[in-house]
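**Student:** Take this structure, written in structure tokens, and hold onto it; I'll ask about it next.
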Amino acid sequence: MCGIAGIIGNKIEKATLDSMLRVQHHRGPDYTGTWKSNNCLLGHNRLSIIDLSEEANQPFISEDQRYILIFNGEIYNYLELKQQLSNYSFKTNSDTEVLLAAFIKWGKACLHQLNGMFSFAIWDTELNQFFAARDRFGVKPFYYHQSDGQFYFSSEIKAIHVAGICKKPNKKVWASYFAFGSYGMPNETFWKDIWQLPAGHYLAYQNGNLEINKWYYFEKEVLKQQKEENFEKVKETYKNILKDSIKLRFRADVHVGFNISGGVDSSALLAFVNQIDGNEQIKAYTFYTADERYDELPWVGEMIDLTKNPLQKVLLRPDETIAKKIDFITQIQDEPFGGIPTIAYSEIFKQARKDNVLVLLDGQGMDEQWAGYDYYTKNSNATIQGVKSSPFRPNVLKSDFLELAEKPSYPKLFNNKILDMQYRDLFYTKIPRALRFNDRVSMAYGTELREPFLDYRLVEYAFVQPLEFKINKGIQKYLLREVVSELVSNAISYAPKRPLQTPQREWLANELKDYVTENIIKLKSSEYAKWFNFDELDTDWHKYMGGDNESSFHIWQWVNASLLLTSD
């Protein structure tokens, strides 16, 4: 996993690209490389995971010098693809060279052959054409800016800002975030004139013309899946795909570990990791806050007692260092993020790097494919788990700013409420924001995160199965729980989902109240004060400190806004 950046146009300066690479150096601390022509500059920050040799450094140039590749991610099935590319003379053992060979042979059609997480760019020196693509679910990022015949792109937004693109907020996205909790549409960011390539899309840029196309049609692919009525057969098929997905994601030339919490998703990951030969002693990581109301250590401990994996417990406390940690992760994220749980999660990657464990697996994706959130069982359009009343406070916004907010509308492609909600969560809400949060915190410490449950084969297969396999007599993720119960106790496989994993509500009102107040004061004295009705905001803040704290999301929004909008 790495960082990519580049500039295309008539005004390209190596110093600008160097600055872009420098601010995302954490993504790839092992090697920084560049390539330059008259109108194209490409740069790469490398985190060495597969084939650690210098020959696998990037930018990677084809033997005939025609194609220049920079690549962020992993192609998990690169060994299988390599067998199909026998006419190519490979010089390395890297998945990078396999990706380039696949593009040379199949062009953009190679995307359908790839099982992996990726964001890559290729410059064709013969056609003077730029091509870039992003994986099916958008695990790896791709941001860009186009103006005045210039095209800039990078793995992180901050790299485009240091290239000289003015840092101005996208007011509509910010207003929608405050009013509706939206993080924007798949092509939007919180910053004006900076866009992201949506998941499952590719772009081509030539002579100042930009063309963006969708290549992954999930709604068509799921129609190819067999909807089974035989529960046992579905279990067996799903288990086989899951085992293969996890096995593929253990391909690495560095140490691999995995993250666990107390839920059924982690139970599945832990159980199946230990079914792969030689992985019984793979190190597990979990975070805790020393607050028994939220910590999942009892459930984690019960699982570890079964498997005997080494467990590294990482503690986050609201001590004198937490404000600096919040400030750092905010700077890393570039956009609003999830709160104290994200800070706690980031500490795992910090510890893993210290332990020289450079690849971690986690359980992201099960709730979306097996309808695991509480709102799937209710007549609700919610996108936030575990709240009874609205977590948003549009009343603290000035009317003219609030008018910019646009309530998000999501496509309904399946004529089925649950399926449409699953699709929304996969491509518009839950998965896109979780992947962005997680990419940044893993890369902040030069580590790679892999999500075996987001293998497209698993998601497509689970998506089409009958509703009673997903929700059975009120039990969510039913088939998955039945799969896991064959390997662990029912107490683990049928443990309820816990929406809150940190005492964020309490910390913001108590240990961090001065920090929150300081950031509200910063907002009041900033140019963005005109967005807010501070009489309402102060009233809500005092109510919160007084105990009206069912939801802390609005408080965290204000902290995020202050840190992101008032920083240099």
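The values are calculated or read from the model by the stated rules, or taken from the named source; none is laboratory data. Keep in mind that what you see is a predicted model, and the values were worked out from it rather than measured. Backbone-built Cβ (ideal geometry, glycine too); neighbour counts: all protein chains shown. When the accessible area is computed, the model is the full protein with side chains, heavy atoms only, and any ligands, DNA or RNA have been set aside. Shrake-Rupley method; radii C 1.70, N 1.55, O 1.52, S 1.80 Å.
**Student:** Let me have the relative contact order for region 411-530, percent, based on Cα pairs under 8 Å that are six or more residues apart.
**Tutor:** Once divided by the residue count of region 411-530, the mean separation gives 8 percent.
**Student:** Once phi is turned into θ = phi - 60°, what whole-Hz ³J(HN,Hα) does the Karplus curve with 6.51, -1.76 and 1.60 give for every residue of region 77-87, x standing for Gly and Pro?
**Tutor:** For region 77-87, the Karplus curve yields 9, 5, 5, 5, 5, 4, 5, 7, 10, 5, 7 Hz.
**Student:** Over region 93-244, what relative contact order in percent results from Cα pairs under 8 Å that are six or more residues apart?
**Tutor:** Result for region 93-244 is 19 percent.
**Student:** Can you give the local net charge around Lys11? Use residues other than it whose beta-carbon is closer than 14 angstrom to its beta-carbon, Lys and Arg +1, Asp and Glu -1.
**Tutor:** Details: positive: Lys14, Lys36; negative: Glu13, Asp148.
Taking every Cβ under 14 Å from that of Lys11, the sum is 0.
**Student:** Okay, moving on. Where the only charges are on Cβ atoms (+1 Lys, Arg; -1 Asp, Glu), what is the dipole of region 420-482 about its Cα centre, to the nearest 20 debye? Present the calculation step by step, with values, prior to reporting the outcome.
**Tutor:** Values: 11 positive and 9 negative charges, 44 e Å.
Dipole size: approximately 220 debye.
**Student:** Please give the per residue accessible area of the chain, computed with a probe of 1.4 Å over protein heavy atoms only, in Å².
**Tutor:** Values: 22390 Å² over 568 residues.
Here the per-residue accessible area is 39 Å².
**Student:** Placing +1 on the Cβ of each Lys and Arg and -1 on the Cβ of each Asp and Glu in the chain, which of Gln501, Trp123, Ile246 has its Cα farthest towards the positive end of the resulting dipole?
**Tutor:** Projecting each Cα onto the dipole axis, the largest value belongs to Trp123.
**Student:** For the chain, build the charge dipole from Cβ charges (+1 Lys, Arg; -1 Asp, Glu) around the Cα centre, then report which of Leu458, Leu479, Tyr216 sits farthest towards its positive end.
**Tutor:** Positive-most Cα among the choices belongs to Tyr216.
**Student:** Under a point-charge model restricted to the Cβ atoms of Lys and Arg (+1) and Asp and Glu (-1), what is the dipole moment magnitude of the chain relative to its Cα centre, in debye to the nearest 20? Mind showing how you got there, number by number?
**Tutor:** Values: 67 positive and 73 negative charges, 140 e Å.
About 680 debye.
**Student:** Which of the GluC sites (Glu not before Pro) found in region 291-361 are in a DSSP loop and have at most 13 neighbouring Cβ atoms, other than their own, within 10 Å? Write out the running numbers ahead of the final one.
**Tutor:** Working: sites: Glu292, Glu296, Glu302, Glu320, Glu347; in loops: Glu292, Glu296, Glu320.
Of the GluC sites (Glu not before Pro), the ones in loops of region 291-361 whose Cβ has at most 13 other Cβ atoms within 10 Å are Glu292, Glu320.
**Student:** In the structure displayed, which of Lys108/Lys350; Lys247/Lys324; Lys14/Lys530; Lys167/Lys324; Lys192/Lys543 lie more than 28 Å apart, Cα to Cα?
**Tutor:** Values: Lys108/Lys350 37 Å; Lys247/Lys324 38 Å; Lys14/Lys530 39 Å; Lys167/Lys324 23 Å; Lys192/Lys543 34 Å.
Cα-Cα > 28 Å for Lys108/Lys350; Lys247/Lys324; Lys14/Lys530; Lys192/Lys543; rest within.
**Student:** Report the full-extension gain for the segment Asn230 to Lys308: residue separation times 0.36 nm, less the Cα-Cα distance, to one decimal in nm.
**Tutor:** Values: separation 78, 0.36 × 78 = 28.08 nm, distance 3.45 nm.
Working it through step by step, the gained length comes to 24.6 nm.
**Student:** Oh, and also: Just want to confirm a number: the relative contact order over the chain, from Cα pairs under 8 angstrom separated by 6+ residues, in percent.
**Tutor:** Working: 1004 pairs, mean separation 88.4, N = 568.
Value for the chain: 16 percent.
**Student:** Using modelled amide H (1.01 Å from N, peptide plane; none on Pro or chain starts), what sits under 5 Å from the amide H of Val314, excluding residues fewer than 5 places away?
**Tutor:** When sequence neighbours closer than 5 places are left aside, the close amide H contacts are Thr286, Phe287, Tyr288.
**Student:** Could you give the length gained on full extension between Phe534 and Glu550, defined as 0.36 nm per residue of separation minus the Cα-Cα distance, in nm? Intermediate values should be presented prior to the final figure.
**Tutor:** Numbers: separation 16, 0.36 × 16 = 5.76 nm, distance 2.12 nm.
Here the segment from Phe534 to Glu550 would lengthen by 3.6 nm.
**Student:** For region 238-299 and region 114-177, write down the distance between their C-alpha centroids in whole Å.
**Tutor:** Taking the Cα centre of each part, region 238-299 and region 114-177 sit 32 Å apart.
**Student:** So how do Phe250, Phe118 rank on accessible area, 1.4 Å probe, biggest first, that is with the largest at the start?
**Tutor:** Values: Phe250 35, Phe118 0 Å².
Ranked from most to least accessible, the order is Phe250, Phe118.
**Student:** Trp541: accessible area at probe 1.4 Å, nearest 10 Å²?
**Tutor:** Rounded to the nearest 10, that gives 10 Å².
**Student:** Provide the gained length on full extension for the span Asn39 to Ser86, in nm with one decimal, where the gain is 0.36 nm per separating residue minus the Cα-Cα distance.
**Tutor:** Working: separation 47, 0.36 × 47 = 16.92 nm, distance 3.37 nm.
The span from Asn39 to Ser86 would gain 13.6 nm if fully extended.
**Student:** Only sites in a loop by DSSP and with at most 16 other Cβ atoms within 10 Å count here; which trypsin sites (Lys or Arg not before Pro) in region 206-256 make the cut? Can you show the working numbers first?
**Tutor:** On the way: sites: Lys214, Lys220, Lys224, Lys227, Lys233, Lys235, Lys239, Lys243, Lys247, Arg249, Arg251; in loops: Lys227, Arg249, Arg251.
Sparse-neighbourhood loop trypsin sites (Lys or Arg not before Pro): Lys227.
**Student:** Quick one: which of Lys430/Lys477; Lys224/Lys417; Lys82/Lys243; Lys168/Lys398; Lys171/Lys325 span more than 23 angstrom between C-alpha atoms?
**Tutor:** Details: Lys430/Lys477 16 Å; Lys224/Lys417 20 Å; Lys82/Lys243 21 Å; Lys168/Lys398 19 Å; Lys171/Lys325 27 Å.
Going by Cα-Cα distance, Lys171/Lys325 fall outside the 23 Å limit.
**Student:** I would also like to ask the following. Using θ = phi - 60° and the Karplus curve 6.51 cos²θ - 1.76 cosθ + 1.60, what whole-Hz ³J(HN,Hα) does each residue of region 293-300 get, with Gly and Pro shown as x?
**Tutor:** So the J values, rounded to whole Hz, are 5, 10, 5, 10, 4, x, 6, 4.
**Student:** Moving to a separate point now. Using a cut-off of 10 Å between beta-carbons, work out the net charge of the residues near Lys192 (Lys and Arg +1, Asp and Glu -1, Lys192 not included).
**Tutor:** Details: positive: Lys167, Lys168, Lys171, Lys172; negative: Asp193.
Combined, the nearby Lys, Arg, Asp and Glu give +3.
**Student:** Shifting gears a bit: Share of the chain's accessible area from carbon and sulfur, percent, 1.4 Å? Write out the running numbers ahead of the final one.
**Tutor:** Values: 10280 of 22390 Å².
With neighbouring chains kept in place, the figure for the chain is 46 percent.
**Student:** So which GluC sites (Glu not before Pro) in region 420-490 pass both tests, a DSSP loop state and at most 11 other Cβ atoms within 10 Å of the Cβ? Each step should come with its number before you reach the end.
**Tutor:** Working: sites: Glu448, Glu460, Glu468, Glu482, Glu486; in loops: Glu486.
In loop regions of region 420-490 (DSSP not H, G, I, E or B), the sparsely surrounded GluC sites (Glu not before Pro) are Glu486.
**Student:** Could you give the nm distance between label points at Lys192 and Lys398, where each point is 7 Å from its Cα heading toward the beta carbon?
**Tutor:** For the pair Lys192/Lys398, the computed spacing is 1.5 nm.
**Student:** If you don't mind, there's one more thing I want to ask. When the dipole is taken about the Cα centre of region 214-316, and only Lys, Arg (+1) and Asp, Glu (-1) are charged at their Cβ, what size is it in debye, to the nearest 20?
**Tutor:** Using Cβ point charges on Lys, Arg, Asp and Glu, region 214-316 gives about 480 debye.
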